[in-house]
Amino acid sequence: MSLNHVRPWRNIYRRKSRQIMVGNVPVGGDAPIAVQTMTNTLTTDAAATIAQVQAAAEAGADLVRVSVPDQASAKALKEIVRESPVPIVADIHFHYKRGIEAAEAGAACLRINPGNIGDEKRVAEVIKAARDHNCSIRIGVNAGSLEKHLLEKYGEPCPDAMVESGLDHIKILQDHDFHEFKISVKASDVFMSAAAYQALAEATDAPIHLGITEAGGLVSGTIKSAIGLGQLLWMGIGDTIRVSLSADPVEEVKVGYEILKSLGLRHRGVNIISCPSCARQGFDVIKTVETLEKRLEHIKTPMSLSIIGCVVNGPGEALMTDVGFTGGGAGSGMVYLAGKASHKMSNEQMVDHIVEEVEKKAAELNATKDAAE
Ligand code: SF4
């Protein structure tokens, strides 16, 4: 990661983890923090699941997880994997056979807890299937489903119990000489999750999958995830993230990216800086930003745009953005390009005009990047 020597307070020092491959996506080490989501269609409805995987990938998901609760789902998984633009993680609980079937169907990763799938022989079979099919494993510890003996030992779900569970599962994989794994220790409680992840980060060099489980709806879940994942990422912990929301998977991807963008850990698309608006606004800021967010969804090039209601903060924000618009008086405002006041534009035409300016700037940035490569 490149460090900012001019503004050292922006630097995040990432924990050094081992790198593994999930299909063609590197996870851990100095790889970009991968964004994941999970489909909520019936896996047996391959067409609906493929559509959801594609929409999530279009929104920027690097990996998509799909539940495999039964044999019919494992069968459908094959088709889903074939049509998916991104590696598929198969979510397996308890049934070791589903794990084997999912690996055979081409899953790039199995989310499975080796300690929960039966006796030693079954564990060995699943690990062999994963190895034979180039499939990694995610150990997914969840505070809500800890092993009985750990609940008895600790009295209730707690960070120590979660980490112990994770390390027990790691040991099983290591004993089978299997090392292509990552691990998560999720809880719906932000404090428990954060404490568990911090302890886990000390205890292993495996890549870490971050998530606050069952976080809630779009607004409450976003806030919980931003606090929980945000502070861990800020500490340098986390190699892949999933924001769990009771919402469309595309929303999970968008929120995941926004968290990473806020911390400067990943950049994708237009980062819009806008003011909340007030009586001073020279145009309808809220409506304009809503429209621009939709009209600029197709831009994947990382860049910034400031949309500010008046000159109180407009010129200052525009200084630090690629394209800017600041409301003025008499139905028009000022367009800023690369931080400098460029030309006036009427409020009526400004949305179309800003979209054009952003597209132009994106093309310019892409050309510069291509030339440098
Ligand atoms: S920038 Fe201007 S319009 Fe926007 S909130 Fe501040 S004072 Fe109000």
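The values are calculated or read from the model by the stated rules, or taken from the named source; none is laboratory data. Worth saying up front: this structure is predicted, and the values here are computed from it rather than measured. As a convention, Cβ positions derive from the backbone with ideal geometry for all residues, glycine included, and neighbour counts pool all protein chains shown. What goes into the accessible areas is simple: the full protein's heavy atoms, side chains included, and nothing from ligands, DNA or RNA. Shrake-Rupley method; radii C 1.70, N 1.55, O 1.52, S 1.80 Å.
Here are the numbers for this structure:
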| item | result |
| --- | --- |
| 0 to 90° range, to nearest 10: angle between helix 71-83 axis and the chain longest Cα axis | 40 degrees |
| Per-residue [θ]222 nm for the chain (sum of -39500 (n - 2.57) over DSSP H runs n ≥ 4, rounded to 500) | -13500 deg cm²/dmol |
| Separation between Cα centres of region 230-249 and region 283-328, rounded to whole Å | 26 Å |
| Rounded tilt (10° steps) of 159-175 against the dominant C-alpha axis of the chain | 60 degrees |
| Most positive-pole-ward Cα, 187, 245, 198, against dipole of region 186-292 from beta carbon charges | 245 |
| Relative contact order, percent, the chain [alpha-carbon distance under 8 Å, six or more residues apart] | 12 percent |
| Accessible-area composition of the chain, carbon plus sulfur, in percent [1.4 Å probe] | 53 percent |
| Between region 104-123 and region 192-215, the Cα center-to-center distance that results, in Å | 21 Å |
| Per-residue ³J(HN,Hα) for region 25-30, Karplus 6.51 cos²θ - 1.76 cosθ + 1.60, θ = phi - 60°, Hz, x for Gly and Pro | 9, x, 10, x, x, 9 |
| For residue 304, residues with placed amide H under 5 Å, excluding near neighbours | 271, 322, 323 |
| Built amide H within the under 5 Å cut-off of residue 111, gap 5+ | 90, 91, 92, 138 |
| Solvent exposure of the chain as accessible area per residue, Å², 1.4 Å probe | 47 Å² |
| Beta bridges per DSSP with both ends in region 1-109, % antiparallel, nearest 5 | 25 percent |
| About the Cα centre, charge dipole magnitude for the chain (Lys/Arg +1, Asp/Glu -1 at Cβ), debye | 600 debye |
| Of 53, 363, 11, farthest towards positive along the dipole that unit charges on Lys, Arg, Asp, Glu beta carbons give the chain | 11 |
| Karplus-derived 3J(HN,Hα), 6.51/-1.76/1.60, for each residue of region 199-209, Hz, glycine and proline x | 5, 4, 4, 6, 8, 8, 9, 5, x, 10, 9 |
| Area of residue 248 that stays accessible when all protein chains are in place (1.4 Å probe, Å², to 10) | 80 Å² |
| Computed over region 283-373: relative contact order in percent, which uses C-alpha pairs under 8 Å that are six or more apart | 23 percent |
| The chain - share of DSSP beta bridges that are antiparallel (%, nearest 5) | 30 percent |
| Between helix 249-262 and the chain: long-axis angle, C-alpha atoms, 0 to 90°, nearest 10 | 70 degrees |
| Amide hydrogen neighbours beyond the local backbone of residue 332, cut-off 5 Å, H modeled | 347 |
| Computed FRET value (nearest 0.05) for residue 13 with residue 262, which takes r as the C-beta separation and R₀ as 22 Å | 0.80 |
| Spacing of the two label points (7 Å from each Cα toward its C-beta) at residue 4 and residue 131, in nm | 4.5 nm |
| 3J(HN,Hα) from dihedral phi, region 238-243, Karplus parametrisation 6.51/-1.76/1.60, rounded to Hz, x for glycine, proline | x, 10, 8, 10, 9, 8 |
